[in-house]
Amino acid sequence: TVRLTVDGRLVEARQGQTLLEALRQAGYEVPTLCHLEGLAPFGGCRLCVVEVSGARTLVTACSQPVSEGMVVRTHTPAVHKARRQVLELLLADHPQECASCLRSDDCGLRSLAARYGARVGLWADGVHRRALKEEPDVSSPSIVRDAAKCILCGRCVRICQEQQGIGAIDFTGRGFDLGVAPAFKAPLSEAACVYCGQCVVHCPTGALTERDDTGRAWELLGRPDTTVVVQIAPAVRVSVAEAFGAPVGTPITGQIVAALRRLGFSRVFDTDFGADLTVMEEAAELVHRLAAPREQAPLPLMTSCCPGWVKYVEHYFPERLGHLSSCRSPHEMVGALAKTYYAEKEGLDPSHVVMVSIMPCTAKKFEAQREELQGSVDLVLTTRELVRMLRLAGIDPTRLEPEAFDPLMGASTGAAVIFGRTGGVAEAALRTAYWMATGKDLPEEKLEWEELHRAGQIRRLRVELGSRVLRCAVVDGLKAARELLESPEYEQLDFVEVMACPGGCVGGGGQMRGQDLVARVERRAQSLAGLDRTSPLRRAHENPEIRAVYQEYLGSPGSARSHQLLHTHYVD
Ligand code: HC0
Ligand code: SF4
């Protein structure tokens, strides 16, 4: 350990840590707009400056290694002045649209400017960035990029390149023209972007946001002749509460259901029901492929519920499209059944049923628009858009009494809720594949595989499935996906799960933003694991409503009707 003196107190740090890491670990608040946990220091924004005895100038904490005996002061007039000046320079070049900006509530620039008393328009001199820069890029169904609000912190560029291994956006131009954009300043819809939205969760300002579809949602809710049905994804239930001041990860499923009814949705279904259904179909597909000759049914079977991952395969590995499971993602299954099975049972006219999905994900907006998947989900709202609607309506879900989902598509098991964290889809599918392949249930104490819960971008697992050893891999983040697909190991595998976002959907591009994102995502994932462990049923095939839908409507997993409603295939 290394000992420092910080604001007169003794602080211990680890050798090799940066000053920023050491200070944050010791509970000191040091502002930054460019730093990203887990990636190399960038030193772009210079907001993390502190005083270090002996240094001739202020020191940027993010790039300064700790050393024994260092004497540090984190809030002196000189530090405050330097930070204020940085903020004033940023504001001088920033459109003054805070009052109506989507980011107003949680904008890093705005909150720091207020905290340090930074004044607006000091060097503006009539030069207005909005007038100089292009208008917002609204070409994609998922993400809006407003270059005028970009402060050039580079977080989006580094996340996309270093964490996702994609590089869909980069710095362009020089000097006054310096900006961030896709190559050749192409619209996002023409870039090789997979819409995972990792750039959006890490952007500190309103430069990158989800496409806001709340206006559409209000319009649908106001239609007199329409049954507006809604469903919520696994990861949403452990992220909404943090927007209302509850501890990160607090699950408030029943309260979200109550809040959605207050917003005017007439039925509230659970995407978890769809996840259980996906498990049934995907496990059957896996067992079928294992039994068939390899040329006819390519292995490994790869999960296809993450639309960021599917788009990634389409762009970068089109020759592997046949390895993707043909299952539609859970919310698409729920959408398809709402307009058929459910509408029939309830005597509703399917042409008057509209399905809205609340998802942690920006890529799901794109998925819902895919030609292959028409006729199921009509609108996708992210967690943040749901929160925006609740605030507009003055509803705080944490103060409501929990309510139950609507029947027929509201029941779920612990296997479904873990879809929202990396490793969960594989774990859930294996619980049921084991039962399908062997006719026996895994005992309660064997329902979780430690290998799938470990941190790590590629997690490996071998499972005995009857007479056969199944080789599985779970991939967290797209950079590692490329690594696995290009390695010789790939050919040896039977089953592969990929989630585009680090941590899985709990870390999705549509989730609540805020400081300490890595820890937040981990707490949400733990919370989902807890929901699984306390579920009375933990295997998808035990879900009574799933049994009912097969008995009364679908027949068996993989039936012709299942294929028509619950499967698709992605063509190059
Ligand atoms: Fe996910 Fe899903 S788990 S992709 O991350 O499979 O978005 O939460 O809703 O559809 O269930 C997202 C989350 C879902 C779907 C489910 C899957
Ligand atoms: Fe969307 Fe989840 Fe995939 Fe991220 S991991 S792109 S949130 S489905």
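Here, each number is a calculation from the coordinates, and none is a lab measurement. Note that the structure is predicted; figures quoted are calculated from it, not measured. Cβ placement follows ideal geometry from the backbone for every residue including glycine, while neighbour counts extend to all protein chains displayed.
Go through 88-96, 362-370 and give me the packing order, highest mean Cβ count within 10 Å leading.
Details: 88-96: 18.2, 362-370: 25.2.
In descending order of packing, they fall as 362-370, 88-96.
For the chain, just say rounded, prolate or oblate: build the C-alpha gyration tensor, square-root its eigenvalues into a ≥ b ≥ c, call rounded for a/c under 1.5, and beyond that prolate if a/b exceeds b/c, oblate if not.
Details: a/c = 1.86, a/b = 1.53, b/c = 1.21.
Prolate shape, in that a/c is at least 1.5 and a/b is the bigger ratio.
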Using alpha carbons only, how many angstrom separate the centre of the range 211-275 from the centre of the range 349-403?
6
Suppose each label sits 7 Å from its Cα in the direction of the beta carbon; what would the residue 105-residue 560 distance come out to in nanometres?
4.9
To the nearest 20 debye, what charge dipole does the chain have about its Cα centre, counting +1 at the Cβ of each Lys and Arg and -1 at the Cβ of each Asp and Glu?
1700
Counting pairs on different chains as well as pairs 8 or more places apart, how many Lys pairs in the chain have Cα atoms under 27 Å apart?
19
Multiplying the sequence separation of residue 75 and residue 288 by 0.36 nm and subtracting their Cα-Cα distance, what value in nm do you get?
70.3 nm
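Quote the relative contact order of the chain in percent (integer), defining contacts as alpha-carbon pairs under 8 Å separated by 6+ residues.
Working: 1126 pairs, mean separation 86.6, N = 572.
That works out to 15 percent.
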Which shape class, rounded, prolate or oblate, goes with the range 495-562 when its Cα gyration tensor gives a ≥ b ≥ c as root eigenvalues, a/c under 1.5 marks rounded, and past that a/b bigger than b/c marks prolate?
prolate
First check a/c for the range 284-374, with a ≥ b ≥ c the square roots of the eigenvalues of its C-alpha gyration tensor; if it is under 1.5, answer rounded, and if not, answer prolate when a/b is larger than b/c or oblate otherwise.
oblate
Per-residue HN-Hα couplings for the range 468-473 [Karplus 6.51, -1.76, 1.60; θ = phi - 60°; Hz; x = Gly/Pro]
10, 9, 8, 9, 10, 9
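Just to verify a number: FRET efficiency for residue 115 and residue 371, C-beta to C-beta distance, R0 = 51 Å, to 0.05? Please report the intermediate quantities before stating the final value.
On the way: r = 48 Å, r/R0 = 0.94.
The calculated FRET efficiency here is 0.60.
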Computed from the beta carbon distance with a Förster radius of 35 Å, FRET efficiency for residue 454 and residue 68 to the nearest 0.05 stands at 0.55
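Ranked from highest to lowest mean number of other Cβ atoms within 10 Å per residue, what is the order of the peptides 453-461, 469-477, 210-218, 4-12? Walk me through the numbers before you get to the answer.
Numbers: 453-461: 16.1, 469-477: 22.6, 210-218: 17.7, 4-12: 14.1.
Final packing ranking: 469-477, 210-218, 453-461, 4-12.
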Along the dipole axis of the chain (charges at Cβ: +1 for Lys and Arg, -1 for Asp and Glu; origin at the Cα centre), the most positive-end residue among 558, 28, 502 is 28
Among 360, 11, 466, whose Cα sits farthest toward the positive end of the charge dipole of the chain (+1 at Cβ of Lys/Arg, -1 at Cβ of Asp/Glu, about the Cα centre)?
11
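Which GluC sites (Glu not before Pro) in the range 277-330 sit in a loop by DSSP (not H, G, I, E or B) and have at most 14 other Cβ atoms within 10 Å of their own Cβ?
The qualifying sites are 295.
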Cut-off 18 Å (backbone N to label point 7 Å along Cα→Cβ of residue 261), residues of the range 397-428:
397-412
Cα centroid of the range 481-519 to Cα centroid of the range 56-76, whole Å:
35
Need one number: nm distance between label points at residue 184 and residue 534, each 7 Å from Cα along Cα→Cβ, rounded to one decimal.
5.4
Return the distance in nm (one decimal) between the two label points of a simple spin-label model at residue 7 and residue 319, each offset 7 Å from Cα along Cα→Cβ.
5.8
Assuming 0.36 nm per residue, please report the length gained on full extension of the stretch residue 226 to residue 40 beyond their Cα-Cα distance.
61.8 nm
Per the rule of 0.36 nm per residue minus the C-alpha distance, extending residue 172 to residue 219 adds in nm 13.1 nm
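Just to verify a number: FRET efficiency for residue 398 and residue 547, C-beta to C-beta distance, R0 = 35 Å, to 0.05? Walk me through the numbers on the way to the answer.
On the way: r = 34 Å, r/R0 = 0.97.
The computed FRET efficiency comes out at 0.55.
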